[in-house]
Amino acid sequence: MKKFPKKRIMITGAGSGLGRAISLEFAKLGWNICVSDINLERADETLSMIKKEGGKGFSYLCDVTKPDQIETMADHLRAQWGGVDVIVNNAGVAAAGFMEKIPLETWDWIIDINLKSVIYGCRTFIPLLAEQGRGHIVNVASNAGIASLPEMSCYNVTKAAVISLSETLRAELKPKNIGVSVIAPTFFKTNLMEQFTSSDERQKKMADAFFNKSKTTSRDIARHVVKVVKKDKLYAITQLDGKFAWLSKRLTPELYFDIMGWGYKRGIGDKLLGM
Ligand SMILES: NC(=O)c1ccc[n+]([C@@H]2O[C@H](COP(=O)([O-])OP(=O)(O)OC[C@H]3O[C@@H](n4cnc5c(N)ncnc54)[C@H](O)[C@@H]3O)[C@@H](O)[C@H]2O)c1
């Protein structure tokens, strides 16, 4: 982390789950944290936790679906800290549904929060990082964008797009000395189910079961975020099941989807989750 002596990081969706855990991990390393969230009360809670650990920073109200609010936040960071070293586009929501039944409003909602927010975050902060001559962008995607599980099309699509955007920027931003990482975890327990959307009770139960069965914590994933920034790595495929999906899809894509279709037709996922 020597290339960032001023240790300034901004994290969206930092009032809960992964964003909070990333805030705490960087605080422990002595970083200044801009704890940004649409829910200021929760952002303040994160800030209190940071301060309890001897860390420093401030909370900041920002709705990531509003590009003007992200621009104002960038101006604020410039005024407050003289710039920022690492930005983490983390805020996100989840939804499930059969393709033909997902309401168009749900598509707009999830694309705005999970994808367009990352586009706004990158395009707003790139000029500032370039002007500084260095910086790092972390985009939080999901293994959903790789594994493409059935009944999750709207979530999968947003996360696959975030992976593609991050891969594109990895090379595009090299000449500007800006690193790019993309985080692709499988399930871990957070408050993601609070805003989870699906019209199907079975899908809600399945998502709940996935989260509850996971042994991974937000802190485990946050440590991967520290590692990719430190080592300037593109990918964080954080868990073993995610690595398996990533490798099998890359090495044998036809077989991967054949097996997925075979298992889905027989309801194997439902059986494994006890549905
Ligand atoms: N939990 C998992 O299993 C999992 C797996 C893979 C990827 N992810 C991704 O991790 C990221 C963090 O999710 P989490 O699991 O910590 O969930 P979470 O619900 O605990 O936290 C999400 C945070 O985003 C904030 N947020 C929502 N809409 C916002 C908006 N418009 N503007 C600003 N902030 C907003 C919420 O207030 C909340 O604090 C998401 O992008 C999610 O897709 C989570």
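Just so you know, all these numbers are worked out from the coordinates, no wet-lab data involved. Bear in mind that the values here come from a model prediction, so they are computed numbers and not experimental data. Glycine also receives a Cβ, built like all others from the backbone with ideal geometry; neighbour counts cover every protein chain displayed.
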Site Asp200, offset 7 angstrom along Cα→Cβ, radius 20 Å on amide nitrogen, limited to the range 236-275, gives 257-275
Apply the Karplus parameterisation 6.51 cos²θ - 1.76 cosθ + 1.60, with θ equal to phi minus 60°, to every residue of the range 86-103 and state each ³J(HN,Hα) to the nearest whole Hz, in sequence, with x for glycine and proline. 10, 10, 10, 8, 10, 3, x, 9, 10, 8, 9, x, 6, 3, 6, 10, 5, x
What angle do you read, to the nearest 10 degrees and between 0 and 90, between the alpha-carbon axis of helix 153-172 and the longest principal axis of the chain? 40 degrees
Below 18 Å, Cα to Cα, which aspartates and glutamates can Lys174 reach? Residues fewer than 8 away in the same chain don't count. Asp85, Glu131, Asp232
In the structure displayed, which of Lys3/Lys243; Lys6/Lys52; Lys7/Lys231; Lys6/Lys230; Lys7/Lys28 lie more than 18 Å apart, Cα to Cα? Lys3/Lys243; Lys6/Lys52
Based only on Cα atoms, what mean projected area does the convex hull of the range 8-272 have, in nm²? 13.8 nm²
Compute the helix-to-body angle for 253-265: its Cα long axis versus the longest principal axis of the chain, expressed 0 to 90° and rounded to tens. 60 degrees
Rounded, prolate or oblate (a/c below 1.5 giving rounded, otherwise prolate when a/b exceeds b/c) for the range 1-141 by Cα gyration tensor: prolate
Rounded to the nearest Å, the spacing of the alpha-carbon centers of the range 1-78 and the range 129-179 is 20 Å
For Glu167 and Asp241 in the same chain, what is the full-extension length gain: residue separation times 0.36 nm, less their Cα-Cα distance, in nm? 24.5 nm
Between Lys52 and Leu234, what FRET efficiency comes out of the Förster formula 1/(1 + (r/R0)^6) with R0 = 45 Å and r the beta carbon distance, rounded to 0.05? 0.85
Long-range amide H contacts for Asn191: which residues qualify at under 5 Å (H placed 1.01 Å from N, peptide plane, sequence gap of 5 or more or a different chain)? Gly17
